[in-house]
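Notes follow once the structure below has been shown.
The values are calculated or read from the model by the stated rules, or taken from the named source; none is laboratory data. Every value quoted in this text rests on a predicted model; they were computed, and no experiment measured them. Counting neighbours? That spans all protein chains shown, and the Cβs are built from the backbone with ideal geometry, glycine included. For the accessible areas, the whole protein counts, side chains as well, though only heavy atoms, and no ligand, DNA or RNA atoms are used. Shrake-Rupley method; radii C 1.70, N 1.55, O 1.52, S 1.80 Å.
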Amino acid sequence: MDAKLQGYIDKLNSLNFKEMYEGDFFLTWDKTDDEIEAVFTVADALRYMRENNISTKVFESGLGISIFRDNSTRTRFSFASACNLLGLEVQDLDEKKSQIAHGETVRETANMISFMADVIGIRDDMYIGKGHKYQQDVVDAVTEGFKDGVLEQKPTLVNLQCDIDHPTQCMADMLHIIHEFGGVENLKGKKLAMTWAYSPSYGKPLSVPQGVIGLMTRFGMDVVLAHPEGYDVMPEVEEIAKANAAKTGGSFKKVNSMEEAFKDADIVYPKSWAPFAAMEKRTDLYGKGDFDGIDKLEKELLAQNAEHKDWCCTEELMSKTKDGKALYLHCLPADINNVSCVDGEVEDTVFDRYRVPLYKEASFKPYIIAAMIFLAKEKDPQAVLKALEERGVSRHFN
Amino acid sequence: MDAKLQGYIDKLNSLNFKEMYEGDFFLTWDKTDDEIEAVFTVADALRYMRENNISTKVFESGLGISIFRDNSTRTRFSFASACNLLGLEVQDLDEKKSQIAHGETVRETANMISFMADVIGIRDDMYIGKGHKYQQDVVDAVTEGFKDGVLEQKPTLVNLQCDIDHPTQCMADMLHIIHEFGGVENLKGKKLAMTWAYSPSYGKPLSVPQGVIGLMTRFGMDVVLAHPEGYDVMPEVEEIAKANAAKTGGSFKKVNSMEEAFKDADIVYPKSWAPFAAMEKRTDLYGKGDFDGIDKLEKELLAQNAEHKDWCCTEELMSKTKDGKALYLHCLPADINNVSCVDGEVEDTVFDRYRVPLYKEASFKPYIIAAMIFLAKEKDPQAVLKALEERGVSRHFN
Amino acid sequence: MDAKLQGYIDKLNSLNFKEMYEGDFFLTWDKTDDEIEAVFTVADALRYMRENNISTKVFESGLGISIFRDNSTRTRFSFASACNLLGLEVQDLDEKKSQIAHGETVRETANMISFMADVIGIRDDMYIGKGHKYQQDVVDAVTEGFKDGVLEQKPTLVNLQCDIDHPTQCMADMLHIIHEFGGVENLKGKKLAMTWAYSPSYGKPLSVPQGVIGLMTRFGMDVVLAHPEGYDVMPEVEEIAKANAAKTGGSFKKVNSMEEAFKDADIVYPKSWAPFAAMEKRTDLYGKGDFDGIDKLEKELLAQNAEHKDWCCTEELMSKTKDGKALYLHCLPADINNVSCVDGEVEDTVFDRYRVPLYKEASFKPYIIAAMIFLAKEKDPQAVLKALEERGVSRHFN
């Protein structure tokens, strides 16, 4: 057997992730350290196999359902790529073309689309308190449908972004960090700055900063969350970050200064988001149908944002990081000064210098999603990886 | 060979369905009893194979084209599932993104999308006299295209709902009944009530009640069609129902009372639909471009509907059925009191009690569609089923 | 080995097309005569194999990305068919559902959608100076992404229509001509009339007439371009046509009379297009956001068009062609008198007489696209064709 592939299998043999079989992926902090590491390992293994022209198609038929309640390019294509890599055909539930507006319950729709679905990927990040709840409702529905004999298989949920976490993004970010730093064992004591940055747009999701502090605090790093006053994230997630840090010998700290966060940082992740409290208020107004109130809130928030145009990832700030060479991260697309806006999250020269690593960061997402599916669908993932190599079917017959 | 699969093959050996090869599926009453039974048998066989992880992928490449001229969730996903199960990739013809508005003829479009199409599934149920006609035009076009050497294969039409019939729905309903009653031989003398029910919405298709009376009268059951005065369905379909009943020793009766229909019924199917005469008028107005007339008609019909709010499947009515335990059917989504509307087709407690069987009813649709395709595409379906088992490719490699 | 398939392989062995491997397909005149002939040969071979139920699926997984910046039916389905034939799953980038409006650069989007993309097909024909440029930017981006290690493979671009050329259309047209005339060796001295024709619509792309004169002048034919004064195509493409003709012993001539063009023609291609100069002006107005100017221009052009209603492919004109039997071509859909409009490009009786050959003309497009992909993806196409025959997997298992 190929030595590198054997290495991934050996690694998996050392981990306990048996609870992932037939499970779902909602939030990274639902998962044990071993489970998180299993996802990284399978992602690397699947990538290695694809790069070496070994087909990892484990499904001859089956659907991967996607539900995008917000626009998406990279997550949509990542999900499609992951499903395709494993042999599942993507079928998008376009709520505009369906009968959902027709008063149908979530329970019903979830079952109706799942008769031959092995996976359901959902993005629902628009309203605080809604996205995660919706994903749970879908999983409850198909779990019950499977138990009741309605469905022949329980489709696996992959959270493609909710109001709380963005696990496929943050795990792709993290796998990128691991590769850049040469292994998870080199991360202890490294400083990561998750900082707010100014953007002319309004109401960017909180799930990225929350996902980052909820995940990155698990590897012994010193994680700093920086934002202007009033731009807090969900307090529950901050508690998780603190607990993680305490367990792994790292730290979690909050500051109100971008400079302080960048100082000697090994990794920086400057990105705009909306204040949690304002997003909660927005959800309430939405619930009441108070659209004038929503407009008013939007204006207030844009005015509040405009006071913090100095929160930008400049060359000067970058020079204050460790050796002036911190790894710059972003989930993309970024608001780049003089490219997509006048004042934004990052100076164009900084962005340009990190373009290749940024694109590489994004390249991990299809494999993270594929690994999540693989671990939920295969009872013995190591055996299947081995059998796939032995089967010897080329991805590209040439 | 697996005994159960052999049983399905034996069953098929006893039936004459050779005319289905290279045929199309428009209306159930175009088909002989043997042909209908062949569809049920292949549907069960394909389901059995999938449940036992045997791949039934008979196409390495090929497209399944879908044309939805009305919104759809479950039929869209059922069609996608069926195509995927057999190895065909769904390509949806979104008429908004195509050049069809451009004055192109049906004949031309049908050929242009069919160069590699093995199946075309069409939903066109909006206007009386249009949907079935459109499907016929498409079939005529591709049949001619095949004869002329334009197309390498004649794609099979699957009627995914027209103005006259909804065969994939009604055959899924029927297969559910067969399974619930333990076999088609147990249906003789059973009473089935297809009844109108109130819905606050307007203009629901007639194809379900028509499809039900056109199909369910073929099994020796006592079929009762109940609706308020003025809510008649197409007279031609009533004639078919009468003729079917006469042939099979069952009966077909019309009443204007939900109570009477429910009394001692074994199966009830309460569902809203629009009056046939009004839908004909609407088609005429549409043809004339008289949109004010259409608005006026809609208002009249909603007012007429509102006089029949008492046509609701209540607990009280259910208690009048055979042992108070009739099988409740619906094509979904239903208008449920206090769930999707104040007054609707069914009380929430009734609906809730039948949720699992209702979802199972829906679960047959992908297999009914797959069976229709299979029987049109395979010259010797029994041999292919056998060969698929012998090939021994798993649906899910694990 | 099958003799006919061996014939295609022998033909390929006589051609030099090694530069096509890992290349892109922008414009036919970028390609050598051998390369063009290789595309025709592989298209015929793939068609022959499909007709003989030999699977040509060379990809177990992989995506074919489509970007349609203009409506499309036949090219959309042709691209989907071609990808499916080779084993790639189509994933459409719907710019309305993506975050592209979000200020993202072409470079970024191109990489983000390409992590598992083997092919990108783009239609962008709306603005002069834009479509080809956009396709080049995408190719530059993914080429760089591949070199930088962001992408595991460089997706191949297939130009599905730009502002300059429409190679998949014109090569399908040409392959149809070759088949109708019994081989490319029979085309020397044949007269082909590419002529403007009246249409009540506005602003049809120039890429078809340009593509036709840029390609058809390479086979020793006498190509005549006819249009009313003011309806010139891009001068650069006329230069290419002249140079081609000079090289192959054919001719390229411009006239302002449909009669003159049709006289003794063996092949006629009457089709509406917009004047190049006007389209350039329109692009400028668009660049300035001058929508009133665009409306005004549109009115002027429609008025100008209306002066040329006599430019119609009538029975009388057809009778002036060689033996009154010239091969009539069109990319479809055509504006047909009394069918899609009162006055249009062609009389209905002419169109009807040529319906079957017109549909056959269109049937080559999926294979032309598949051949372009095949030649870009296979290092040794002859060996792969042979191996596919030896593999002996049926397209349809029956």
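One residue stands out among those in the range C:109-134 that are in a helix (DSSP H, G or I) and more than 12 Å from every other protein chain (Cβ to nearest Cβ): the one that is surrounded by the most Cβ atoms within 10 Å (Cβ to Cβ), which is C:Gly131. The condition (being under 30 Å from C:Leu5 (Cα atoms) and within 25 Å of the chain's Cα centre (by Cα)) is satisfied by just one residue among C:Ala370, C:Ala326: C:Ala370. Within the range A:118-134, residues that are without any contact (Cβ under 8 Å) to a residue 60 or more places away in the chain have Cβ atoms under 6 Å from residues that are part of a strand (DSSP E or B) in these pairs: A:Ile120/A:Ile65; A:Ile120/A:Leu157; A:Ile122/A:Ile67; A:Arg123/A:Phe68, counting only partners at least 6 apart in sequence or on another chain.
Residues in the range B:302-331 that are of a type in the set (A, V, I, L, M, F, W, C), within 19 Å of B:Tyr359 (Cβ to Cβ) and open to solvent by 10 Å² or more (accessible area, probe 1.4 Å): B:Leu327, B:Cys331.
Pull up the range B:51-77, narrow it to residues that are crowded, with 24+ Cβ neighbours inside 10 Å and within 7 Å of chain A (Cβ to nearest Cβ), then point me to the one that is farthest from B:Leu175 (Cα to Cα). For the range B:51-77, the residue satisfying everything is B:Phe77. The test for being within 21 Å of the chain's Cα centre (by Cα), farther than 19 Å from B:Ala334 by Cβ and not in a helix (DSSP H, G or I) does not hold for B:Asp264.
Determine, yes or no, whether A:Glu298 is modelled with pLDDT of 95 or more, within 27 Å of A:Gly129 (Cβ to Cβ) and not polar (S, T, N, Q). It is false that A:Glu298 is modelled with pLDDT of 95 or more, within 27 Å of A:Gly129 (Cβ to Cβ) and not polar (S, T, N, Q). When C:Thr217, C:Thr195 are checked against the criterion of being open to solvent by less than 10 Å² (accessible area, probe 1.4 Å), closer than 22 Å to C:Ala43 by Cα and polar (S, T, N, Q), C:Thr217 stands alone in meeting it. Please work out if C:Glu89 is of a type in the set (Asp, Glu), closer than 28 Å to C:Pro333 by Cα and either surrounded by 21 or more Cβ atoms within 10 Å (Cβ to Cβ) or without any contact (Cβ under 8 Å) to a residue 24 or more places away in the chain (or both). Yes; evaluated as a whole, the condition is true for this residue. Flag not set for A:Asp137, criterion: under 21 Å from the mean Cα position of the chain (by Cα), buried (at least 18 other Cβ atoms within 10 Å of the Cβ) and more than 14 Å from chain B (Cβ to nearest Cβ).
Need the failing condition index for B:Ile294 against (1) free of Cβ contacts under 8 Å to residues at least 24 places away in the same chain; (2) buried (at least 21 other Cβ atoms within 10 Å of the Cβ); (3) aliphatic (A, V, I, L, M), just the number. Status for B:Ile294: all satisfied but (2).
Scanning the range A:141-161 turns up one or more residues that are in contact (Cβ under 8 Å) with a residue 24 or more places away in the chain, closer than 30 Å to A:Glu260 by Cβ and surrounded by 17 or more Cβ atoms within 10 Å (Cβ to Cβ).
Scanning the range B:3-43 for residues that are of a type in the set (Val, Ile, Thr) and in a loop (DSSP other than H, G, I, E, B) returns a single hit, B:Thr32.
For the range C:279-328, a residue qualifies if it is part of a helix (DSSP H, G or I), among the hydrophobic types (A, V, I, L, M, F, W, C) and under 30 Å from C:Ile177 (Cβ atoms), and the qualifying residues are C:Met279, C:Leu317, C:Met318.
Within the range B:45-63, does at least one residue satisfy the condition of being under 30 Å from C:Pro366 (Cα atoms), part of a helix (DSSP H, G or I) and touching a residue at least 24 places away in the same chain (Cβ under 8 Å)? Checked the range B:45-63: no residue is under 30 Å from C:Pro366 (Cα atoms), part of a helix (DSSP H, G or I) and touching a residue at least 24 places away in the same chain (Cβ under 8 Å). Comparison of C:Gln169, C:Gln161 shows that the only residue that is under 13 Å from the mean Cα position of the chain (by Cα) and either within 14 Å of chain A (Cβ to nearest Cβ) or on the phi > 0 side of the Ramachandran plot (or both) is C:Gln161. When A:Met49, A:Met1 are checked against the criterion of being at pLDDT below 95 and touching an Asp or Glu at 6+ places or on another chain (Cβ under 9 Å), a single residue qualifies: A:Met1.
In the range A:96-108, the qualifying residues are those that are within 7 Å of chain B (Cβ to nearest Cβ) and at pLDDT below 85, and the one that is most open to solvent (accessible area, probe 1.4 Å) is A:His102. Counting only residues that are touching a helix residue (DSSP H, G or I) at 6+ places or on another chain (Cβ under 8 Å), open to solvent by 80 Å² or more (accessible area, probe 1.4 Å) and more than 24 Å from C:Phe351 (Cα to Cα), how many does the range C:255-290 have? Summing the residues that are touching a helix residue (DSSP H, G or I) at 6+ places or on another chain (Cβ under 8 Å), open to solvent by 80 Å² or more (accessible area, probe 1.4 Å) and more than 24 Å from C:Phe351 (Cα to Cα) in the range C:255-290 gives 2. Could you check the range B:109-130 and list, in sequence order, the residues that are within 24 Å of B:Ile294 (Cβ to Cβ) and at pLDDT 95 or above? Matches in the range B:109-130: B:Ile122, B:Arg123. Do we find a residue being part of a helix (DSSP H, G or I), over 29 Å from C:Met116 (Cβ atoms) and not basic (Lys, Arg) anywhere in the range A:332-342? Checked against the condition, which is being part of a helix (DSSP H, G or I), over 29 Å from C:Met116 (Cβ atoms) and not basic (Lys, Arg), the range A:332-342 yields no hits at all. For the range A:172-192, the set of residues classified as out of contact with any strand residue (DSSP E or B) (no Cβ under 8 Å at 6 or more places or on another chain), within 14 Å of another protein chain (Cβ to nearest Cβ) and open to solvent by 40 Å² or more (accessible area, probe 1.4 Å) consists of A:His179 only. Residues in the range C:346-398 that are more than 11 Å from chain B (Cβ to nearest Cβ), open to solvent by less than 30 Å² (accessible area, probe 1.4 Å), of a type outside the set (Phe, Trp, Tyr) and outside any helix (DSSP H, G or I): C:Val346, C:Glu378. The residues of the range C:195-228 that are within 12 Å of C:Ala274 (Cα to Cα) and charged (D, E, K, R) amount to a single one, C:Lys204. Can you say whether C:Ala38 is surrounded by 19 or more Cβ atoms within 10 Å (Cβ to Cβ), of a type in the set (Gly, Ala, Ser) and closer than 25 Å to B:Ala110 by Cα, as far as the supplied structure shows? For C:Ala38, the condition - surrounded by 19 or more Cβ atoms within 10 Å (Cβ to Cβ), of a type in the set (Gly, Ala, Ser) and closer than 25 Å to B:Ala110 by Cα - is not met. On inspection, A:Gly145 fails the criterion of being over 21 Å from C:Pro155 (Cβ atoms) and either of a type in the set (Asp, Glu) or outside any helix (DSSP H, G or I) (or both).
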